[in-house]
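The values are calculated or read from the model by the stated rules, or taken from the named source; none is laboratory data. Predicted, not measured: the structure shown is a model, and the values here were computed from it. Cβ placement follows ideal geometry from the backbone for every residue including glycine, while neighbour counts extend to all protein chains displayed.
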Amino acid sequence: MTSCFVPVNTVFAPESGGVITRSRCSRLGASLVLAVALLTALASQRVSAQGVPAPPVCDRTEQVRVTILAAIGVSDCGDVTAEQLRQVTLLSLFNMDISALKSGDFAGLTSL
């Protein structure tokens, strides 16, 4: 596996005259974009969680829903309680092939 140490869009002009204009680390870039999207969604959910009920787990993005259910040990998304959501401290969504997230995917997950 090749390591990537050059962030996307970084330009180097080494004394040898070579210039690197873009990294070839598209996989790392995609992971970074997903991480930023997740953090942004979490931040917005924490702000909006003040007195606003979380959407049902059944209405969330499939990969998020499956991961929440596994984290709390429940098989039916309709059985998830607000208290169970508050107790979730970790959701690992890497390599889940998520192309988009829904608003409210992380609502109620205040312990992440």
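Couple of notes before you dig in:
- All positions within region 66-86 that are in a helix (DSSP H, G or I), in contact with a helix residue (DSSP H, G or I) (Cβ under 8 Å, 6 or more places away or on another chain) and under 18 Å from S111 (Cβ atoms): I68, L69, I72, Q84, L85
- Search result, residues across region 52-85 that are of a type in the set (G, A, S) and farther than 17 Å from S103 by Cβ: A70, A71, G73, S75, G78, A82
- E62 being at pLDDT 70 or above, under 15 Å from the mean Cα position of the chain (by Cα) and acidic (D, E): yes
- Of the residues making up region 87-102, those that are part of a loop (DSSP other than H, G, I, E, B) and in contact (Cβ under 8 Å) with a residue 24 or more places away in the chain are V88, L91, S92, L93, F94, M96, D97, I98, A100, L101, K102.
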